[in-house]
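The values are calculated or read from the model by the stated rules, or taken from the named source; none is laboratory data. All of these numbers come straight from a predicted model, not from anything done at the bench. Cβ sites come from the backbone with ideal geometry, for glycine too, and all protein chains shown count toward neighbours.
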Amino acid sequence: MDLYFSPLACSLATRIAFYEAGADARYIEVDTKSKRLRDGSDFYPVNPLGQVPVLRTDEGWLLTENTAILPYVADAFPDANLAPQSGTHARAKFHQWLGFVSTELHKALFVPLLDPRAPADVHAYTRENVEPRLAALDRHLEGRAFLLDEFTVADAYLVTVLNWARYAGVDLAPWPSVDAYYARIVQRPQVARALKEEITLFKEDQARRQARA
């Protein structure tokens, strides 16, 4: 499989999923500002929105959106136990938390907070929504190691999104269960590996942009 990614973007969750599964994949870096691949080719034919992640399956078809890609990867490598069995209550809760991370945290909070073009009143409104969402997550995580009973790709997505908090000016300390969860999950060997690699790539990209400026 091929994963089109941008360093430290939400595509990091799929890299974590592959690493946790011990699976091989080809990682194709996308510059989401220029909408081009590292070789200079146009990314729009891959995704007309110019966004990552995009997964090209072994059959050759393209899949977008974390809420679709992450369960697909989990189901492709069932021995890794990265998602509950289909048709179970646990699987329904798994999809619930994927949806929560995607809509309530990723899109509702961090996209506007991280967008320097967003107007000041949008930032102010978004910050009003931080507390209720992180408080709900904090209550759920109290006394829990993971979102569900075991680590799943929903955790890979959540830790990816929580990693943006420092860049968005969101201090996780007021929500101790969330703060402890993040500190614990980033210590998982495959999560730490994925983060280290993408931090290095992110810094290299920043240096290239500065050199062109």
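Here is the figure for the range 37-63: residues that are modelled with pLDDT under 95 and under 18 Å from Pro7 (Cα atoms) total 3. Of everything listed in (1) part of a strand (DSSP E or B); (2) over 21 Å from Trp97 (Cα atoms), the single unmet condition for Gln51 is (1).
What about Arg193, is it under 26 Å from Phe5 (Cβ atoms), loosely packed, with under 15 Cβ neighbours inside 10 Å and modelled with pLDDT of 95 or more? For Arg193, the condition - under 26 Å from Phe5 (Cβ atoms), loosely packed, with under 15 Cβ neighbours inside 10 Å and modelled with pLDDT of 95 or more - is met.
Comparison of Ala92, Ala76, Ala80, Ala13 shows that the only residue that is of a type outside the set (S, T, N, Q), under 19 Å from Tyr157 (Cα atoms), loosely packed, with under 14 Cβ neighbours inside 10 Å and out of contact with any strand residue (DSSP E or B) (no Cβ under 6 Å at 6 or more places or on another chain) is Ala92.
Identify, from the list Ala145, Ala192, the residue that is in contact with a Lys or Arg (Cβ under 8 Å, 6 or more places away or on another chain) and farther than 19 Å from Gln51 by Cβ.
Values: Ala192 fails: in contact with a Lys or Arg (Cβ under 8 Å, 6 or more places away or on another chain).
Every option except Ala145 fails the conditions.
For the range 40-64, the set of residues classified as surrounded by 14 or more Cβ atoms within 10 Å (Cβ to Cβ) and free of Cβ contacts under 8 Å to residues at least 24 places away in the same chain consists of Gly50, Gln51, Leu63, Thr64, listed by residue number. Quick check on Leu113: is it within 18 Å of Arg166 (Cα to Cα), surrounded by 14 or more Cβ atoms within 10 Å (Cβ to Cβ) and more than 15 Å from the chain's Cα centre (by Cα)? Answer is yes for this residue.
Regarding Val159, is this residue touching a helix residue (DSSP H, G or I) at 6+ places or on another chain (Cβ under 7 Å), surrounded by fewer than 16 Cβ atoms within 10 Å (Cβ to Cβ), under 27 Å from Ser6 (Cα atoms) and of a type in the set (A, V, I, L, M)? Give the derivation first.
Details: touching a helix residue (DSSP H, G or I) at 6+ places or on another chain (Cβ under 7 Å): yes; surrounded by fewer than 16 Cβ atoms within 10 Å (Cβ to Cβ): no; under 27 Å from Ser6 (Cα atoms): yes; of a type in the set (A, V, I, L, M): yes.
No.
One residue stands out among those in the range 34-48 that are farther than 28 Å from Ala76 by Cα and assigned to a strand (DSSP E or B): the one that is nearest to the chain's Cα centre (by Cα), which is Arg36.
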